[in-house]
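J.: A single structure is presented below for examination.
The values are calculated or read from the model by the stated rules, or taken from the named source; none is laboratory data. Keep in mind it's a predicted model, so treat the numbers as computed, not measured. Note that each Cβ is placed from the backbone with ideal geometry, even for glycine, and that neighbours are counted across all protein chains shown.
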Amino acid sequence: MKELGNGTVVGILGGGQLGLFLAQSLARLGAHTSVFDPDSQAPALRHTARPFSAPFSEQSRLLAFAEQASVITYEFEHLPVHYLAGLGEHVAKIRPSLKVLEVAQDRLIEKKFLKAGGFPVVPFLELKDGDDLAKLQAFPLPILVKTVRGGYDGKGQTRLNKQADLDSFLPRLKERLSAGEVLVAEQVVELHGELSCIVGRKAKQSFLMPIFENVHQDSILDTTVFPAQISDELRRQVEELSTAIATALDVQGLLTVEYFIVKEASGLKIYVNELAPRPHNSGHLSMQAFNISQFDLLARLLLDLPVGKIEPISNACFAMANILGDCYHDKRLKLEALADAEGLVEILLYGKEEPRPARKMGHLITTGATVDEALTRARAVRLALSGS
Ligand code: AMP
C-alpha cells in the first residue's frame, strides 16, 4: 500500500465539479491533487495547489503534469487520447486506461463493444457514407441521430420523429457524411425509467455502489432518487451486467453504466445506454446517502486503500436535483429560499461564473420518508431557488 501524506499526488484531467469533489475526497485521505484543465476558471482547478491550465495540445505542460503525478485519472471522457498517448511511460499511470477511454468516448466503438460482448443495446446504425442513407430510410422511426464523439448532455443529437423530419434531415446528413463525419442512428425507445450503476474496480475485484434511478429532461440529467424503485430481479441484472462490463473492459478505477428500462411484451427489459469511466452526476447522492461516496471510492482505489462494503447509512430516501443555468435570474439564484427548504441535506454550487442555459451550476439533495417525498421536496426547493 502507498504511504499517504508522503508525496502521493493524484493528477486529475479535467477541472469540473466531479474533479473538485474527487479532490476533496483525496484530500481527506491525506493525498495531494493536481488538476489539468484548459479553462483556468474550472472549479477544481481554482481549488488545487497544483493547477495546470493549458491546451491539451501543449505537450510540455501535459508532460510536466504527468511527471509530478503518482497516478492519473480523469473526470471527463472527451479527452484527446492522441495527446495522452504521447506521454510515454506515464501512460501506465492513467486509470482507467486509455483503452477504456477510447471505448467510452466514441458512441460507435462503445456500442460495437457492448454488442460484441452480448450486452443489450438498443438497435443502432452506423452512418459513415452514402450507402448508409438508404439503411437509415429503412430504419424504424422515431430515431435519434447522435454524434459519435464529443456529445454529452444531449449535445449533438437530432431527433427524427416522422418521415418529414427524416426527409428534411437527409440532405444535411449527406453533406456531413461527405465531409467525413461519422454518426450513429439509434432507435428511440419508450422509457419506463432510467438507472445508473457505479462500479469500482481494482485488479480483479469489483465494488458495486447501490443503484440510482434517474430522470432526464431534454437529454440532461434532471433528478436522481435512491433507492431505485425496481424489482430484485432487475437489480440483480443491473449489478451483474455492470460488473461484467467493467470486467470486460478491465477497468481500474470507476465505471458508471447508464441503463434504459423499457416495457416489452415479455416484461421490463434493460438496455445499456452509455458508459462513463469516471464519477457521475447521478452518483452525487452517494455523498449523503452512503458510507462511502463515489468520490471516496475512486480515491481509495487510486490510493490503493481497502474499500470495504459500500452501503446506505440509513433507511431514509434521497433525491438529487440538478441546478442548471436556467434556474438563475439576473445571474443569481434566490438563495433566501434556503431558509424554508424542507428536507434539504445539501446544496452544492460549483462556482461557475456564467449561468448559461443547460449548464450544470450546482445540485441539491433532499431526504424524505419515501422517494416521492424526497423528490417532491427536491423539486420544490429548486423551484423556490429559481424564484418561480
Ligand atoms: P445520451 O446523451 O445518449 O446518454 O442521452 C441522454 C438522454 O436522452 C438519455 O438518458 C435518455 O433520457 C434520452 N435518450 C437517449 N437515447 C435515447 C433513445 N434511444 N431512446 C429514448 N431516449 C433516449
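J.: So which of Ala64, Ala27, Ala54 ends up being within 16 Å of Leu305 (Cα to Cα), modelled with pLDDT of 95 or more and outside the structural domain of Lys202 (by TED's automatic domain parsing)?
T.: Answer to the selection: Ala27.
J.: List every residue pair whose Cβ atoms lie under 6 Å apart, where the two residues are 6 or more positions apart in sequence or sit on different chains, the first residue falls within segment 297-316 and is small (Gly, Ala, Ser), and the second residue, located anywhere, is modelled with pLDDT of 95 or more.
T.: Listed pairs, sorted by first residue: Ala299/Ser25; Ala299/Leu26; Ala299/Leu29; Ala316/Thr367.
J.: Okay, moving on. Kindly indicate whether Glu181 is surrounded by fewer than 18 Cβ atoms within 10 Å (Cβ to Cβ) and either within 12 Å of the ligand (Cβ to nearest atom) or within 25 Å of the chain's Cα centre (by Cα) (or both).
T.: yes
J.: Let me ask you something else. Would you mind telling me which numbered condition in (1) out of contact with any Phe, Trp or Tyr (no Cβ under 8 Å at 6 or more places or on another chain); (2) over 29 Å from Val345 (Cα atoms); (3) more than 15 Å from the ligand (Cβ to nearest atom) Gly253 fails?
T.: (2)
J.: Being within 12 Å of the ligand (Cβ to nearest atom) and modelled with pLDDT of 95 or more is the requirement here; does Thr147 meet it?
T.: Spelling it out, it is not the case that Thr147 is within 12 Å of the ligand (Cβ to nearest atom) and modelled with pLDDT of 95 or more.
J.: Using the structure shown, decide if Ala69 is surrounded by 21 or more Cβ atoms within 10 Å (Cβ to Cβ) and more than 29 Å from Ala185 (Cβ to Cβ).
T.: yes
J.: Taking the criterion of being at pLDDT below 95 and polar (S, T, N, Q), would at least one residue in segment 253-269 satisfy it?
T.: Yes, some residue in segment 253-269 is at pLDDT below 95 and polar (S, T, N, Q).
J.: Could you please find all residues in segment 66-118 being over 19 Å from the mean Cα position of the chain (by Cα) and assigned to a loop (DSSP other than H, G, I, E, B)?
T.: Answer for segment 66-118, where residues must be over 19 Å from the mean Cα position of the chain (by Cα) and assigned to a loop (DSSP other than H, G, I, E, B): Gln68, Ala69, Ser70, Gly86, Leu87, Gly117, Gly118.
J.: Which number in (1) part of a helix (DSSP H, G or I); (2) crowded, with 16+ Cβ neighbours inside 10 Å marks the one condition that Val35 misses?
T.: (1)
J.: Please go through segment 356-388 and give me each residue that is in contact with a Leu (Cβ under 8 Å, 6 or more places away or on another chain), in a loop (DSSP other than H, G, I, E, B) and closer than 27 Å to Gln24 by Cα, ordered by number.
T.: Residues satisfying the conditions are Ala358, Arg359.
J.: Quick one: how many residues across segment 119-136 are assigned to a helix (DSSP H, G or I) and more than 15 Å from the ligand (Cβ to nearest atom)?
T.: Count: 5.
Yes/no per residue for (1) more than 16 Å from the ligand (Cβ to nearest atom); (2) within 30 Å of Gly11 (Cα to Cα); (3) crowded, with 16+ Cβ neighbours inside 10 Å:
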| position | (1), (2), (3) |
| --- | --- |
| Glu264 | no, no, no |
| Lys269 | no, no, yes |
| Asn273 | no, yes, yes |
| Arg278 | no, yes, yes |
| Phe318 | yes, no, yes |
| Tyr328 | yes, no, yes |
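J.: Give, as residue ranges, the strands (runs of 3 or more DSSP E) completely inside segment 184-245 that count at least 3 residues that are within 16 Å of the ligand (Cβ to nearest atom).
T.: 191-202, 212-217, 220-226
J.: Does Arg107 satisfy the criteria of being of a type outside the set (Asp, Glu), crowded, with 18+ Cβ neighbours inside 10 Å, away from the ligand (no atom under 15 Å from the Cβ) and in contact (Cβ under 8 Å) with a residue 24 or more places away in the chain?
T.: Working: of a type outside the set (Asp, Glu): yes; crowded, with 18+ Cβ neighbours inside 10 Å: yes; away from the ligand (no atom under 15 Å from the Cβ): no; in contact (Cβ under 8 Å) with a residue 24 or more places away in the chain: yes.
The answer is no for Arg107.
J.: Of Leu114, Leu101, which residue is in contact (Cβ under 8 Å) with a residue 60 or more places away in the chain, within 16 Å of the ligand (Cβ to nearest atom) and not assigned by TED's automatic domain parsing to the domain that holds Val251?
T.: Every option except Leu114 fails the conditions.
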